[in-house]
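Presented below is the structure to which this report refers.
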Amino acid sequence: MGAFFAVMETSLRVALKDEEFIVFYQPKYNVVSNTLIGVEALVRWGHSSMGIVSPARFIPLAEETGLIVKLDRWIMQEAMRTCAAWYAEGLNPGVLSLNLSLKQLEQSDFIDVLMKTMQEQGFKSQWLELEITESQVMKNPDKSIRMLQDIHALGIGLSIDDFGTGYSSLAYLKRLPVDTLKIDQSFVRDIPHDEDDSAIVHAIIALAHSLTLEVIAEGVETLEQRDFLVAHGCTCIQGYLTGRPQSATQIEALLKNGR
Ligand code: C2E
Ligand code: MG
Ligand code: MG
C-alpha cells in the first residue's frame with residue numbers, strides 16, 4: 001500500500017510538471033428558461049498508459065500530499081484562460097465554477113493568487129463561482145466563514161457542493177456568505193421513487209428558498225428526476241440528462257451552435 005502511494009505521488013508530481021491534466025466542463029442549465037447558466041470545471045488526468053483517469057481516483061491523494069494546491073492553481077489558470085477566450089469571442093459560457101479544496105483556501109496567499117490569475121487571464125470576478133464541499137466547510141466553520149467572506153467581498157459567487165452529506169449546522173449555514181446550495185447526487189439518484197430521498201430533496205429546496213439561496217441539483221440523469229425537481233421549485237440542473245463533462249472544444253461548439 002505504501003509503495004503504491006509513493007509511486008502514485010511521484011507520477012502525480014511528474015504529471016503536473018508535464019501538464020498531463022485536462023480540464024473538462026459540464027454545463028449547468030436553468031431548465032425552465034432553457035438557458036445555460038454556467039459550466040463547472042472538472043479535472044481529468046490524461047495518463048499515458050491508463051488513459052483518462054477520473055478525479056475520484058487521484059484528488060484524495062493530491063489532497064493528502066498537498067499537491068492539490070498546485071493542481072488547483074493550474075486548473076484555475078487553465079479554466080480562466082479558456083473562459084476568458086470564449087467571452088472575448090462573444091460567446092457566453094455563463095459563470096465558471098471551480099472546485100476548491102480547503103487546503104487551497106487555507107493558503108495565506110490564496111486571495112493574492114486568485115486576483116493575480118484573474119488579472120493575467122483577463123477574467124472578471126462576476127464570471128466566477130467557487131464550490132467548496134459541505135464536509136470541508138464544516139471541518140473548521142469559523143475559519144471558513146472568515147475566508148469565504150473575503151472571497152465573497154470580491155464579487156465572487158460561492159456554492160456549497162455535496163450539500164446534505166456533511167452535517168451542516170443551520171446556525172453556521174445562516175452565517176456563511178454562500179449564494180447556492182448544490183443538492184448532492186446521492187439524493188437525486190432515487191427520486192421520485194424513494195420516499196426518504198424525495199423528502200430530503202424537498203426539504204433542501206425549501207431550506208434554500210427560506211434562506212434566499214439559489215439551489216441546483218447535481219447528477220440529474222432522467223426526465224422524471226428533472227420534473228420532480230422543477231415541480232418542487234429547483235429549476236437549475238446539472239447532470240448527464242442536460243450534458244456530460246466535455247472538452248473545451250466540445251463546449252465551444254455547443255456555445256456556437258446551441259444544444
Ligand atoms: P463534484 O464537484 O461534486 O462533481 C460532480 C461529479 O459528478 C463529477 O464527477 C461529474 O462528472 C459527476 N456527474 C455529473 N453529472 C452526473 C450524472 O448525471 N450522473 C452521475 N452518476 N455523475 C455525474 P467527477 O468529474 O468524477 O469529479 C468527482 C469529484 O472530484 C468532484 O465532485 C470534485 O469533488 C472533485 N474534483 C473534480 N475536479 C476537481 C478540481 O479541479 N479540483 C478539486 N479540488 N476537486 C475536483
Ligand atoms: Mg463540484
Ligand atoms: Mg458534488
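Bear in mind these aren't lab numbers, they're just calculated from the coordinates by the rules spelled out. Owing to the predicted nature of the structure, the values given are computational and were not obtained by experimental measurement. Don't worry about glycine lacking a Cβ; one is built from the backbone with ideal geometry, like all the others, and counts go over all protein chains shown.
What to note about this one:
- DSSP-loop trypsin sites (Lys or Arg not before Pro) across the range 133-229, with at most 15 other Cβ within 10 angstrom: 189
- Pairwise centroid distance, computed over Cα atoms, of the range 30-63 with the range 167-242, Å: 20
- Solvent-free Debye scattering, log10 I(q)/I(0), computed from the Cα coordinates of the chain at q = 0.08 Å⁻¹: -0.32
- Applying the Karplus relation 6.51 cos²θ - 1.76 cosθ + 1.60 with θ = phi - 60° to the range 59-65 yields 3J(HN,Hα) values of 4, x, 5, 5, 5, 4, 8 Hz, where x marks Gly and Pro.
- Evaluating 6.51 cos²θ - 1.76 cosθ + 1.60 at θ = phi - 60° for every residue in the range 159-174, the Karplus couplings come out as 9, 9, 7, 6, 5, x, 9, x, 6, 5, 8, 5, 5, 5, 4, 5 Hz, glycine and proline recorded as x.
- The share of alpha-carbon pairs in the range 109-259 lying farther apart than 24 Å comes to 41%.
- Calculated from backbone phi, Karplus (6.51, -1.76, 1.60) coupling profile of the range 15-29 in Hz, x at Gly/Pro: 4, 5, 5, 8, 6, 8, 8, 10, 9, 9, 9, 10, x, 10, 10
- Percentage, to the nearest whole number, of Cα pairs in the range 34-100 over 18 Å apart: 47
- Applying Stokes-Einstein at 10 °C and 1.306 mPa s to the Kirkwood radius of the range 1-114, computed over alpha-carbon pairs, gives a translational diffusion coefficient of 102 µm² s⁻¹.
- Packing, taken as the mean count of other beta carbons within 10 Å per residue, orders the peptides 5-13, 216-224 from highest to lowest as 216-224, 5-13.
- Among 133, 117, 35: highest mean-square fluctuation, GNM of the chain, C-alpha pairs under 10 Å: 35
- Within a Gaussian network of the chain (alpha carbon springs, distance under 10 Å), most fluctuating of 171, 203, 153: 171
- Helix-derived mean residue ellipticity, 222 nm - over the chain, DSSP H n ≥ 4, -39500 (n - 2.57), to 500: -15000 deg cm²/dmol
- Measure of compaction for the range 63-104 (Cα Rg per 2.2 N^0.38 Å): 1.39
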